[in-house]
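Student: Here it is, the structure in full.
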Amino acid sequence: MIHALVAGGGIGGLATALALARTGHRVTVLERQDAFTDIGAGIQIAPNGFHALNRLGVGRAVRDRAVLVDELRLMDATTGRELVALPVGGRYRQRFGDPYAVVHRRDLHTPLLTACRAIDAVDLVAGAGVRRYRQDAHRVTATTADGRTFSGDLLVGADGIRSTVRAQLLGDGPPRPCGHTIYRTLVPMERVPRWLRRNAVTLWAGPGWHVVHYPVAGGSCLNLAAVLDDGAAEAVSGRPAERAAVLRRFADPGPVPGALLRLGEDWRRWVLCDRDPVDVWTRGRVTLTGDAAHPMLQYAAQGACQALEDAVVLGDLLADAPTTDVPQRLERYNAARRERTGRVQRLSREMGARLYHPAGEDARARDALLRPLDEDALHHRVAWLHGAPVRADARGGGG
Ligand SMILES: Cc1cc2nc3c(=O)[nH]c(=O)nc-3n(C[C@H](O)[C@H](O)[C@H](O)COP(=O)(O)OP(=O)(O)OC[C@H]3O[C@@H](n4cnc5c(N)ncnc54)[C@H](O)[C@@H]3O)c2cc1C
């Protein structure tokens, strides 16, 4: 039996704990915050995320709290026309084996946490921010900010985009602000006029900005996000933003995005970051997962899904590992995941620039590219991402 330390009790850290504990290992999760919670608003889960959740034994619990949407729509905010709609109902679910769903973040985090709490082999330690680690050929010891030490056979840095474990492992500096400001809010559904309600993820693309909305929390709220390509150079995370300031910044959004934006009251602001993909995020008995390993912009809606895939692959590769084999198994995990996650990181940047924000000639080129795509062609395009099985031997296509 291996004893694993996991730094971070977010979606990636809890999924990793579950994956390892379900194959008989012992896990200590060290979380910096005083409680295991996940704040934030809506999150989209594609079938590849559900494949991973099923493997972790929590697919049904997440599905029960999710809204299964019928389509992903891209609208031209300037003309009000639909540019393309990707149907994610019957045929899509049949082809990819699982639904496309939207949930409140806590409705993904809570089932993972409940499942971890139900397993004796998982020890959840809150208020334990990892500050540094040291390792030798046999053990890893993590030291927390308050000076406690925890030792194990391996350490997984699941401590998010500003990972302390990554800083020590790779020393590659802070992540790169993407130059876009995102405003997010949740609107109670009873305040949303019927004509704005739809069982879909809908994205209104304007020149240098977009607005995206979908129902969450069993349909009781509308998740609303508005993104502006404003060159913002400093990372921001969830700072309150005034309603009037949001409306001012999106001065001429067109009738539907305008009506949506006016619904928002309690806005928060982010300036998101990502990194270029790297090939190596493992050294000896220490590895990374989720945003610590491959932080990506939210435009492909895949960061959490990729973290869930990481967990399953890591669990599979460590399932029967003796402690002496841990370094080799972690290298195999890194090798199995780098191509696919790097591809999704690059795709996420491209989607922002080429699909959601182009103007003028670039927007016309986008429209011409999308126009001929029918349902089959659209499903074919997303198959490598949404339909891939989570497997340790897969590369860019699979997990
Ligand atoms: C606006 C937005 C929209 C998104 N939409 C989607 C979507 O639709 N679909 C999707 O799949 N993904 C989406 N994502 C991405 C997704 O949220 C992340 O990829 C995912 O949360 C990564 O999980 P993680 O566990 O790696 O990191 P995090 O969720 O950041 O969790 C890290 C955890 O580690 C803890 N921690 C930090 N430092 C330490 C330390 N030193 N020691 C111990 N603990 C520490 C933190 O408190 C936290 O609990 C979105 C992201 C954003 C910002």
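Student: Treating the stretch 257-399 as a set of equal point scatterers at the Cα positions, no solvent, please give the Debye-formula log₁₀ I(q)/I(0) at q = 0.12, 0.18, 0.21, 0.22 Å⁻¹.
Tutor: Normalising to I(0) and taking log10 leaves -0.62, -1.07, -1.26, -1.32.
Student: Which Rg and Dmax, in Å, describe the Cα atoms of the stretch 265-327?
Tutor: Rg then Dmax for the stretch 265-327, in Å: 15.4, 55.
Student: Taking only protein heavy atoms and a 1.4 Å probe, what accessible area per residue, in Å², does the stretch 18-145 have with all protein chains in place?
Tutor: Accessible surface, normalised per residue, equals 44 Å².
Student: Run the simple label-point estimate for GLU82 and ASP146 please: 7 Å along Cα→C-beta, distance reported in nm.
Tutor: Going by the 7 Å Cα→Cβ label model, 5.4 nm.
Student: Compute the distance in nm between two label points, each set 7 Å from the Cα along the Cα-to-Cβ direction, one at ALA383 and one at ASN199.
Tutor: 2.7 nm
Student: Which of the peptides 131-137, 163-169 is most tightly packed, and how do the rest follow, going by the mean number of other Cβ atoms within 10 Å of each residue?
Tutor: 163-169, 131-137
Student: If you average the C-alpha positions of the stretch 218-246 and of the stretch 153-167 separately, how far apart do those two centres end up, in angstrom?
Tutor: Spelled out, the Cα-based centre of one part sits 27 Å from the other.
Student: Kindly state, to the nearest 0.05, the FRET efficiency for ASP252 paired with ARG117, given R0 = 41 Å and r defined as their beta-carbon distance.
Tutor: 0.25
Student: Specify which residue in the list ALA101, ALA115, LEU196 is farthest towards the positive end of the charge dipole of the stretch 55-208, using unit charges on the beta carbon of Lys, Arg (+1) and Asp, Glu (-1), about the Cα centre.
Tutor: LEU196
Student: Dividing the convex hull volume of the alpha carbon atoms of the stretch 327-397 by its residue count, what do you get in Å³ per residue?
Tutor: 82 Å³
Student: While we're on this one: Could you tell me how far the Cα centroid of the stretch 252-276 sits from the Cα centroid of the stretch 31-107, in Å?
Tutor: 20 Å
Student: Whenever you get a sec, compute what percent of the accessible area on the chain sits on carbon and sulfur atoms (1.4 Å probe).
Tutor: Accessible surface attributable to carbon and sulfur in the chain totals 48 percent.
Student: Now, a different point. Check each of the trypsin sites (Lys or Arg not before Pro) in the stretch 32-114 and keep only those in coil by DSSP with at most 13 other C-beta atoms within 10 angstrom; list them in order.
Tutor: Within the stretch 32-114, the qualifying trypsin sites (Lys or Arg not before Pro) (loop, at most 13 other Cβ atoms within 10 Å) are ARG81.
Student: Could you check the simple spin-label distance between GLN168 and ALA233, using points 7 Å along Cα→Cβ, in nm with one decimal?
Tutor: Distance between the two pseudo-spin positions: 3.3 nm.
Student: A follow-up question, please. Looking only at Cα atoms, what is the convex hull volume of the chain per residue, in Å³?
Tutor: In the chain, the Cα hull volume divided by residue count equals 129 Å³.
Student: Pick out, in residue order, every one of the trypsin sites (Lys or Arg not before Pro) in the stretch 185-292 that is DSSP loop and has at most 13 other C-beta atoms within 10 Å; say none if there are none.
Tutor: Taking the stretch 185-292 and a limit of 13 other Cβ atoms within 10 Å, the loop trypsin sites (Lys or Arg not before Pro) found are ARG197.
Student: Okay, moving on. Show me the trypsin sites (Lys or Arg not before Pro) within the stretch 319-399 that DSSP assigns to loop and that have at most 16 other Cβ atoms within 10 Å of their Cβ.
Tutor: ARG391, ARG395
Student: How much length is gained if the chain between LEU370 and ASP325 is pulled fully straight, taking 0.36 nm per residue apart and subtracting their Cα-Cα distance, in nm to one decimal?
Tutor: 11.4 nm
Student: Principal axes first, then extents: for the Cα atoms of the stretch 1-147, list largest minus smallest coordinate on each axis, whole Å, largest first.
Tutor: 59, 34, 28
Student: If you take every residue apart from GLU375 with its C-beta less than 12 Å away from the C-beta of GLU375, what net charge results, scoring Lys and Arg +1 and Asp and Glu -1?
Tutor: 0
Student: When the chain is modelled as a GNM with alpha-carbon springs shorter than 10 Å, which of ALA118, ALA225, ALA128 fluctuates the most?
Tutor: Largest GNM mean-square fluctuation: ALA118.
Student: Nearest 500 deg cm²/dmol is fine: what mean residue ellipticity at 222 nm does the chain get from its DSSP H runs of n ≥ 4 alone, each adding -39,500 (n - 2.57), divided by its residue count?
Tutor: Calculated mean residue ellipticity at 222 nm is -10000 deg cm²/dmol.
Student: Give, to the nearest whole percent, the P(r) tail of the stretch 306-363 beyond 13 angstrom, counting all Cα pairs.
Tutor: 67 percent
The values are calculated or read from the model by the stated rules, or taken from the named source; none is laboratory data. Here the structure is a predicted model, which means the values were calculated and not measured. Backbone-built Cβ (ideal geometry, glycine too); neighbour counts: all protein chains shown. Keep in mind that these areas ignore ligands, DNA and RNA; they rest on the heavy atoms of the full protein, side chains included. Shrake-Rupley method; radii C 1.70, N 1.55, O 1.52, S 1.80 Å.
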